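What follows is one structure encoded as structure tokens, with my remarks underneath.
No lab work stands behind these numbers, since they all come straight from the coordinates. Values in this document were obtained by computation on a predicted structure and should not be read as measured data. A quick note on method: Cβ atoms are made from the backbone with ideal geometry, for glycine too, and the neighbour counts reach across all protein chains shown.
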Amino acid sequence: MSLTSANLVGYLRAEFAKASRLRVWLFIVQLAVAVPAAVSVVIPDDSKVTLYILAIVGAALLLVWWLLNSLYVAAQSAAQAARRGNSSVA
């Protein structure tokens with residue numbers, strides 16, 4: 001398979017589309033991370049188990065966000081590399 005401008009444009013569009021979907025999921029997970037923190041404000045201090053569960057859920061969501069962010073950065077970098085490669089092929 002030879003490297004053509006059409007191949008790079010297809011790859012570029014696919015990677016930018018993937019990065020776009022990941023960006024939306026990043027936003028959703030960022031909002032979800034804030035929910036346990038906001039809920040913990042209204043829970044009394046004597047409900048320690050509930051507060052611990054909320055803290056664990058928040059930490060788990062933060063790990064999910066970190067994973068999604070690394071996938072987003074990889075997809076965005078690949079799309080940018082294809083964009084730069086497309087300008088040198090044309």
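For the reader, a short list of remarks on this structure follows.
- Cβ-placed point charges (K, R +1; D, E -1), dipole of the chain about Cα centre in debye, nearest 20: 480
- Charge sum, other residues only, whose C-beta stays under 14 Å from S5's C-beta, Lys/Arg counted +1 and Asp/Glu -1: +3
- According to the Cα-based calculation, Rg over Rh for the range 1-65 is 1.37, with Rh computed by the Kirkwood formula.
- Taking the helices alone, the chain has a mean residue ellipticity at 222 nm of -33000 deg cm²/dmol, built from -39,500 (n - 2.57) per DSSP H run of at least 4 residues and averaged over all its residues.
- Modelled label positions at D46 and I28, each set 7 Å beyond Cα in the direction of Cβ, lie 3.9 nm from each other.
- Helix 5-42 and the longest principal axis of the Cα set of the chain meet at an angle near 10°.
- Highest-fluctuation residue, V29, V42, V64 considered, GNM on the chain with Cα pairs under 10 Å: V42
- A crude spin-label estimate for the pair V39 and S77, with each label 7 Å from Cα along the Cβ direction, gives 3.5 nm.
- Choice from I28, I56, I43 with maximal GNM fluctuation in the chain (Cα, 10 Å cutoff): I43
- For a modelled paramagnetic label at I56, 7 Å from Cα along Cα-to-Cβ, the residues of the range 1-41 in reach, with backbone nitrogen under 19 Å, are 33-41.
- With Cα atoms, 0 to 90° folded angle of helix 48-89 axis to the chain main axis: 10
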